[in-house]
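See below for the structure under consideration.
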Amino acid sequence: SIAQADYELQAEEEVYLINKKAAEIAKECCKKFTAKDPSKPRFVCGAIGPTNRTLSVSPSVENPAFRNVTFDEVVAAYTVQIDSLVAGGVDVLLVETIFDTLNAKAALYAIEQYFATKGVRFPVFVSGTIVDNSGRTLSGQTNEAFWNSVQHAKPLAIGLNCALGASDMIGYIENLSNCCDCYVFAYPNAGLPNCMGGYDQTGKEMKEEVRPFVERGLVNMLGGCCGTWFDHIEEIADLVKDYEPRKPPTVEGLMRLSGLEPLNYTPDEKNMRGTFLNVGERCNVAGS
């Protein structure tokens, strides 16, 4: 409802209808294609986007403390969306295009609240977005710090989407692949936009750009975001059928915290004084 206010469609019944009908249409398509080839079932991911507001960053240069939305308001908006997507028949809840980790935490909190209230549970995917070659989200976190912030939700899969083309994204996906003990996915844009905001990369060109993701065993799922169309997805599907998916690593059980950077704490029993961790700052809003 927060983003739909731009189109005067923020009423709860309108938001519910849009999400429910979209999920129903996707579910019908999945059933149709699964019936054609039952050995390859299709599933619907209900996309839960970042909204057009940010909880961690002030929209006012003059007032860093100012926020134009509250955590509770974002949770309430996500709760309506979750309810309508589930009513429409989605199989997975996908919290995606995350530029602000606190927004993602509001979505994950709303999801857990919904599960507890309704007595149900669905797989959850989490997808961040890296805004530039700094490798950070808009709220400033590296992708490992982002993982540390959301791993408590125990997502079935985590990944990156949008923002960058495949060739610029691969280093950050490799980092996630190394530090995450769940499945990893990527659905990059078809390259970078041209001066008119369009995307010129063809399906065959994108296929070659994403090839290293599967050659190096970095991902379990691949797809496309902005600028991708039927031919892009067809080419990627043709590519991945010849490769084995990534095998999630065994990750050492450490205390993993985060601010803008990850803090993976390893105490040394032989030198506890040297590895003593003194916590002297308030809890940060985005991290753990």
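What to note about this one:
- Under 11 Å, Cβ to Cβ, from Ser84 - net charge with Lys/Arg +1 and Asp/Glu -1: -3
- Hull volume in cubic angstrom per residue (convex hull over the Cα atoms of the chain): 170 Å³
- Per-residue 3J(HN,Hα) values for the range 118-124, derived from phi via the Karplus relation 6.51 cos²θ - 1.76 cosθ + 1.60 with θ = phi - 60°, read 8, x, 10, 8, 10, x, 10 Hz in sequence order (x marks Gly and Pro).
- Long pairs among Lys20/Lys40; Lys36/Lys207; Lys20/Lys118; Lys40/Lys241; Lys154/Lys247; Lys32/Lys118, criterion Cα-Cα beyond 19 Å: Lys20/Lys40; Lys36/Lys207; Lys32/Lys118
- Considering only alpha-carbon pairs that sit under 8 angstrom and 6 or more positions apart, the relative contact order computed for the chain is 14 percent.
- The order of Thr117, Thr34 by accessible area, most exposed first and with a 1.4 Å probe, is Thr117, Thr34.
- Accessible area of Lys241 (1.4 Å probe, protein heavy atoms only, ligands and nucleic acids ignored): about 130 Å².
- Charge tally in the Cβ shell below 9 Å around Thr54, where Lys, Arg are +1 and Asp, Glu are -1, Thr54 excluded: +1
- In Å², nearest 10: area of Cys195 left accessible to a 1.4 Å probe: 130 Å²
- Cut-off under 5 Å, modelled amide H: who pairs with Val44 long-range: Asp91, Val92
- Accessible surface of the chain [probe 1.4 Å, protein heavy atoms]: carbon and sulfur percent: 56 percent
- Low-density loop cleavage sites - chymotrypsin sites (Phe, Trp or Tyr not before Pro) in the range 197-239, where at most 12 other Cβ are within 10 Å (DSSP): Trp229
- Once backbone amide H atoms are built at 1.01 Å from N, Thr97 has Ser127, Asn161 as its partners under 5 Å, excluding neighbours fewer than 5 places away on the same chain.
- For the range 119-247, the solvent-accessible area with a 1.4 angstrom probe is 45 square angstrom per residue.
- At q = 0.17, 0.19 Å⁻¹, base-10 log of I(q)/I(0) for the range 55-164 (Debye sum, equal scatterers on each alpha carbon): -0.84, -1.02
- Scaled against the 2.2 N^0.38 Å expected of a compact globular protein of N residues, the Cα radius of gyration of the range 1-60 reads 1.58.
- In this structure Met272 has an accessible area near 100 Å², from a 1.4 Å probe over the protein heavy atoms.
- Computed over the range 148-288, the alpha-carbon pair-distance distribution with 10 angstrom bins reads 11, 33, 27, 18, 8, 3, 0, each value a whole percent.
- The order of His152, His232 by accessible area, most exposed first and with a 1.4 Å probe, is His152, His232.
- Karplus-derived HN-Hα couplings along the range 188-202 (A = 6.51, B = -1.76, C = 1.60, θ = phi - 60°), whole Hz, x at Gly and Pro: x, 6, 7, x, 9, x, 7, 5, 9, x, x, 10, 9, 5, 7
- Cross-link partners of Lys204 among aspartates and glutamates, defined as those whose alpha carbon lies under 18 angstrom from its own and excluding same-chain residues fewer than eight positions apart: Asp168, Glu215, Asp231, Glu234, Glu235, Asp238, Asp242.
- Percent of beta bridges antiparallel (DSSP, the chain, rounded to nearest 5): 20 percent
The values are calculated or read from the model by the stated rules, or taken from the named source; none is laboratory data. Remember, predicted model here, so these are calculated numbers, not experimental data. Neighbour counts run over all protein chains shown; Cβ positions are idealised from the backbone, glycine included. Only protein heavy atoms, including side chains, enter the accessible area calculation; ligands, DNA and RNA are left aside. Shrake-Rupley method; radii C 1.70, N 1.55, O 1.52, S 1.80 Å.
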